[in-house]
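The values are calculated or read from the model by the stated rules, or taken from the named source; none is laboratory data. All of these numbers come straight from a predicted model, not from anything done at the bench. Please note: Cβ atoms are built from the backbone with ideal geometry, for glycine as well, and neighbour counts cover all protein chains shown.
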Amino acid sequence: MQWAEVVDNPYFENLPFKIELNRYGKIEMTPASNKHGRLQVRISTLLERKLKKGEALTECSVQTTEGVKVADVAWCSSAFIKQHGYETPYLRAPEICVEIVSPSNSKEEMTNKVQLYLQAGAEEVWVLWEHGVIDYYGKSGKLEQSAYDVTVTMPV
């Protein structure tokens with residue numbers, strides 16, 4: 001299955017979970033809670049308030065070497081938007097990709113997604129764990145903090 005088929009299919013409208021494609025074109029689904037949605041809004045708002053020269057997107061689809069992955073939140077610079085617009089999925093990852101870990105996500109899955117987003121061109125990937133810890137990753141590995149001037153605090 002191709003991503004355009006998923007996006008245009010009326011059966012997939014208004015689902016209470018996130019859909020991604022794996023490397024074989026098969027649909028993977030992850031349930032999302034209302035807390036998850038609230039965190040997406042909070043992070044998006046923070047990114048747009050702190051990083052003026054760009055836009056935050058939620059449910060941002062990115063083509064990776066293992067299929068289309070959907071970042072819970074992404075920040076795209078104005079230059080990225082000028083070059084890529086709102087193509088779906090992005091063939092290159094935006095500068096920041098954020099994953100909010102759901103109870104159904106494993107550490108291995110999150111580690112894999114971090115690598116996929118970085119390989120696809122993200123400068124940083126943030127992983128927000130349910131217990132309030134935020135891990136930042138860049139091309140060189142795990143970071144002490146984001147290189148962007150943004151501090152995220154997360155309610156437990």
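So that you can scan it fast, the table gives a plain yes or no per residue for (1) among the hydrophobic types (A, V, I, L, M, F, W, C); (2) at pLDDT 90 or above; (3) under 26 Å from S106 (Cα atoms):
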| site | (1), (2), (3) |
| --- | --- |
| N14 | no, no, yes |
| N22 | no, no, yes |
| G37 | no, no, yes |
| A56 | yes, yes, yes |
| S61 | no, yes, yes |
| S78 | no, yes, no |
| E87 | no, yes, no |
| R92 | no, yes, yes |
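Can you tell me how many residues in region 97-120 are surrounded by 16 or more Cβ atoms within 10 Å (Cβ to Cβ) and in a loop (DSSP other than H, G, I, E, B)?
Adding up the residues that qualify gives 4.
K142 is checked against (1) buried (at least 16 other Cβ atoms within 10 Å of the Cβ); (2) part of a strand (DSSP E or B); (3) free of Cβ contacts under 8 Å to residues at least 24 places away in the same chain and fails just one. What number does that condition carry?
Of everything listed in (1) buried (at least 16 other Cβ atoms within 10 Å of the Cβ); (2) part of a strand (DSSP E or B); (3) free of Cβ contacts under 8 Å to residues at least 24 places away in the same chain, K142 misses just condition (1).
Here are V133, V152: which of them is over 21 Å from K69 (Cβ atoms), at pLDDT below 95 and of a type in the set (V, I, T)?
Details: V152 fails: over 21 Å from K69 (Cβ atoms).
Exactly one of V133, V152 is over 21 Å from K69 (Cβ atoms), at pLDDT below 95 and of a type in the set (V, I, T), namely V133.
Taking only region 61-100 into account, find how many residues are polar (S, T, N, Q) and within 8 Å of the chain's Cα centre (by Cα).
Going through region 61-100 one residue at a time, the tally reaches 1.
Taking the condition of being more than 19 Å from Q83 (Cβ to Cβ), touching a helix residue (DSSP H, G or I) at 6+ places or on another chain (Cβ under 6 Å) and among the aliphatic types (A, V, I, L, M), how many residues in region 39-69 meet it?
Number of matching residues: 1.
Counting just the residues of region 121-130 that are assigned to a loop (DSSP other than H, G, I, E, B) and of a type in the set (D, E, K, R), which one comes out modelled with the highest pLDDT?
Within region 121-130, the match that is modelled with the highest pLDDT is E123.
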